[in-house]
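Everything below concerns the one structure shown next.
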Amino acid sequence: MKIEERIARRQRADDAVVPEYDAINPVVHLSEPVGRGTAVEQLLDVVLPTTTAQPTDGYVWGPKGAGKSAVVRPLFEQLRRLLGRSENRLYTSTRAAPAPNVRFVYVDARRAQSAFALLHTVVDTVIAESIPRQGVGRAAIVKRLTDHLAGTNRQLSVAVDHVDEPETLSTDAVFEQFDAFGDAVGCLAVGRDAPRETVVSNRPDTETVHINAYTHYSLLEVLTSRVADGRLRTVTTDEQLTALARWAEGDAHDALAALFGAGVTAEKRGCDRIGPAELATGMEAVPQPCVALGRVVSLPTTRKRIVRQLLAVAEADRSSVGTAADAISDAVDLSRATIERVLYELAESGIIRRVKTGETTATGRPPSRLEPRFPTLVFEHLETEG
DNA sequence: ACCTGGTCCCGGGCTCGGTTTT
DNA sequence: AAAACCGAGCCCGGGACCAGGT
């Protein structure tokens, strides 16, 4: 590429309404969470206790968009970076009482949806040599991890994010996976349900950490810092961000999704910055209530293709599951029956919604209209650009 | 030491026919 | 009665592991 082209590209990027989409992407988290100092401290009490040597089990809970992942993920990244390399610290001179050798692993349950997949990702990140994803039984994976831990005082602290979602493992199942390893493995599950509604209530040794929804002010702080990071060209007044924060009611996911949608819209319309009209469109593209975008993004590829085609299909064709399946089957290389089945499953898990239409003209059970329950503009942008 | 067929593993595509709802 | 709905199992691809034969 010529230098001239490179310069031109830079200028274009600098000119863009949203130079850095990742900064306002609801599924991407900052390396330093904003305004969550107490939560970090509470988590450190669980994960890095100064009194006991063993990693403790824990359960983090709070509503969608409260910043659970935004805190836990970077925290575990840093712990891994700062404490994870103690493997290499030699204690040859005196072999007595080596410091506990604890490693930190963050797993997104949306990316590891079965017990096998969970164990596999843990073992794969902990053990140097790559281990097979197929063809080997669960027992083999467990043995690998057991053997590894049986070495020199090795311990593991695993954070499992997004438990108890329709597509992911239950808290129960997650803890169960690591119980077999005893004190060597501590597990920190991250979910939305109150502890008393989950298996956690039967586990007295499990520490719980509650993360509340953002207050209006703290959400505003999050948005402001994200906007600055993304060098976002938005209207000069803070008024709109304030309105956005109020609209989102403490849900950072929804606020960022709307902002992202507004950015996409502004670029589509050829505006030089995000204005009130674009922001309104962005908010419209985030249905209420809204499913976390991360759930949709981590769907298997064919399912994502079906979702994308559903958005592309004409409004009229979405008026029943059957017609939607027909329309989608023109664009996707899957049988109509399969598409229909998938649509029903997506509806059951809440990613799309079936709305009863009043039409009872024809005989038989009336059809239901399909509408997306996730941030459509963000999804479309991530799917087509990514 | 190297092939080769048999068997088992996981995940996701796919289908069918029974049930529910109007 | 007809259409919408959905539970549940089959199938298959891509692999590993394990003989047993050459």
Worksheet, complete the sentence: With region A:293-385 reduced to its Cα atoms and the Debye formula applied, log10 I(q)/I(0) at q = 0.22 1/Å amounts to -1.13
Worksheet, complete the sentence: Here, A:Ala117 and A:Glu4, labelled 7 Å along Cα→Cβ, have an inter-label distance in nm of 4.9
Response to the item:
Counting only backbone N atoms under 20 Å from a point 7 Å out along Cα-to-Cβ of A:Gln54, the residues of region A:109-150 in range are A:145-150
Worksheet item: Based on Cα positions only, what radius of gyration and what Dmax would you give for chain A, in angstroms?
Response: 23.6, 86
Discussion item. So if each residue of separation counts as 0.36 nm, and I subtract the Cα-Cα distance between A:Arg273 and A:Ser225, what length gain in nm does that give?
Written reply: 15.5 nm
Worksheet item: Label-point separation (nm) for A:Glu371 and A:Thr38, each offset 7 Å from Cα along Cα-to-Cβ?
Response: 3.7
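Suppose every Lys and Arg Cβ carries +1 and every Asp and Glu Cβ carries -1, with no other charges. What dipole size does region A:37-210 come out with about its Cα centre, to the nearest 20 debye?
600
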Worksheet entry | Cα lying deepest toward the dipole's positive end in chain A, options A:Leu220, A:Thr242, A:Leu232, charges on Cβ | A:Leu232
Worksheet item: Taking the Cα centre of region A:293-385 as the origin, how large is its charge dipole in debye, to the nearest 20, when only Lys and Arg (+1) and Asp and Glu (-1) carry charge on their Cβ atoms?
Response: 360
Practice prompt. Would you calculate, for chain A, the mean residue ellipticity at 222 nm contributed by helices, counting each DSSP H stretch of 4 or more residues as -39,500 (n - 2.57) and dividing by all residues, to the nearest 500?
Written response: -14000 deg cm²/dmol
Worksheet, complete the sentence: Taking Cα pairs closer than 8 Å and at least 6 residues apart, the relative contact order of chain A in percent is 19
Discussion item. Could you tell me which residue out of A:Gly135, A:Thr206, A:Ala314 lies farthest along the dipole of chain A toward its positive end? Charges go on the beta carbon: Lys and Arg +1, Asp and Glu -1, centred on the Cα centre.
Written reply: A:Gly135
Worksheet entry | Straight-distance crosslink candidates among lysines, where the alpha carbon sits under 24 Å from A:Lys268 and sequence neighbours closer than 8 are dropped | A:Lys304
Worksheet item: Pulled fully out, how much extra length does the chain show between A:Asp22 and A:Gln288, if you take 0.36 nm times their separation in residues and subtract their Cα-Cα distance?
Response: 93.5 nm
Worksheet item: Given springs between every Cα pair under 10 Å in a Gaussian network model of chain A, which of A:Gln134, A:Gln54, A:Gln113 has the largest fluctuation?
Response: A:Gln134
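No value in this document is a laboratory result; all are computed from the given coordinates. Note that this is a predicted model, so its numbers are computed, not measured. Because the Cβ atoms are built from the backbone with ideal geometry, glycine has one as well, and the counts that use them run over all protein chains shown.
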